[in-house]
Amino acid sequence: MSKIVPVVLCGGSGTRLWPRSRKAKPKPFLPLIGERTMFEATLGRCGDIEQFAPPVIVTGTAHLEHVEEQSKSAPGGTVIVEPEAKNTAAAIALAAGRLSADAVMLVCPSDHHIADEAAFRAAAAAAARLATQDWLVAFGITATAPETGYGYIRRGEPLEGGYRVERFVEKPDLATARAFLADGGYSWNGGIFAFRAGYFLAELAKHRSGLAQAAAASVSGGSEDGHRFYPDAAAFATIEPESVDYAVMEETDRAAMVQASMGWSDIGNWAALRDATDSDHDGNSVRGRAELVDCSGVFVDTDGPRVSVIGLRDVAIVVDGDEVLVTTMEGAQKVGKLGGAAKQ
């Protein structure tokens, strides 16, 4: 089987991890866990040249400088510079249109954390095998808690190396999420997909013909500048933004999934980052100068000032320059609604 082509989607406004993450330098380009940035870690786990081809990175002009600076460890990669943000279906269509029809593309968000890279590579290999049989494959992340912030996938009949998708489920309320966890047949939808490029484009044309035609016109009318590719902006502007989940995965009758237990998190808020980082015996996690007394589940991230915390539970305290955030972990989902986060 040919090498898998990683397609890394790189964008976002960065409001959910404000004040550390900003529009000018959002989450993918920050070293939130360990020394590598989230983007560098994504490229790194797709770096085995025996399994993976050089990456195709889809980004916008706002993040192009960060992408090129941080992708130096992935030689041979190409960058598709989107004229504007049109959600994931269009971004993936641009990448697919630049690849051979038989290329197997592995679509990866640039800002997810995966602790077990060997499990990721095994899941990628299983997904690629299904993709060559013209399945559109989602990674079903083994659910470990009744999360309400993720969509879910209901597992169907077994396939070789995976399962047919019975249905995709929107983000549930807590009672429903608990029922999903108890059922055992539901997985989190991690937003990682594998397709044969030609088959993805055929299914996109079948279910969203206007989007497919506009993306194809944008590719055919685009221009190359070294390792960069600039799609035609006028054609791309006609696209109605839509996620790949809605445009293709929930429409096709060839949706499959591979089960993946790989220490995955989308690091969607400060609570998720706390849970993904090393902590002490009381569940506290600290980066920077801090002293905690009689605390549990407290997350501190400071880039300078010393932070002292006494007697708190499940709180995040983040100091970035002259901006300070204090939130309960329950309230961390609402950080993006702050005026400071919106203004960046």
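Values in this text are rule-based calculations from the coordinates and carry no lab data. This is a predicted model, so every value here is computed, not measured. Every residue, glycine among them, receives a Cβ derived from its backbone with ideal geometry; neighbour counts consider all protein chains shown.
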How far, in nm, would the chain grow between Ala237 and Asp303 when pulled straight, counting 0.36 nm per residue and subtracting the alpha carbon separation?
-> 19.8 nm
Take Thr277, Thr252 and order them by how many other Cβ atoms sit within 10 Å, fewest up front.
-> Thr277, Thr252
Given Lys3/Lys171; Lys86/Lys206; Lys3/Lys25; Lys23/Lys337; Lys3/Lys27, the pairs whose alpha carbons are separated by over 22 Å = Lys3/Lys171; Lys3/Lys25; Lys3/Lys27
When the chain is treated as a GNM, springs tying every alpha-carbon pair under 10 Å, which of Met38, Met329, Met249 comes out with the largest mean-square fluctuation?
-> Met329
What order do you get for Arg98, Arg164 when you list them from fewest to most C-beta neighbours inside 10 Å?
-> Arg164, Arg98
May I ask for the net charge around Ser110, where only other residues with Cβ less than 15 Å from the Cβ of Ser110 are counted and Lys, Arg are +1 while Asp, Glu are -1?
-> -2
Quick one: go through segment 139-170 and flag any residue whose amide nitrogen is under 20 Å from the point 7 Å out along the Cα-to-Cβ line of Thr328.
-> 146-149
Taking Cα atoms only, helix 197-207 is inclined relative to the longest principal axis of the chain by an angle, in degrees rounded to 10, of 90
Compute the distance in nm between two label points, each set 7 Å from the Cα along the Cα-to-Cβ direction, one at Ala182 and one at Asp280.
-> 3.7
Between Glu166 and Asp116, how many nm apart are label points set 7 Å from Cα along the C-beta direction?
-> 2.4
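Under unit Cβ charges (Lys, Arg +1; Asp, Glu -1), what dipole magnitude, rounded to 20 debye, does segment 270-343 have relative to its Cα centre?
Details: 8 positive and 13 negative charges, 58 e Å.
Magnitude of the dipole: close to 280 debye.
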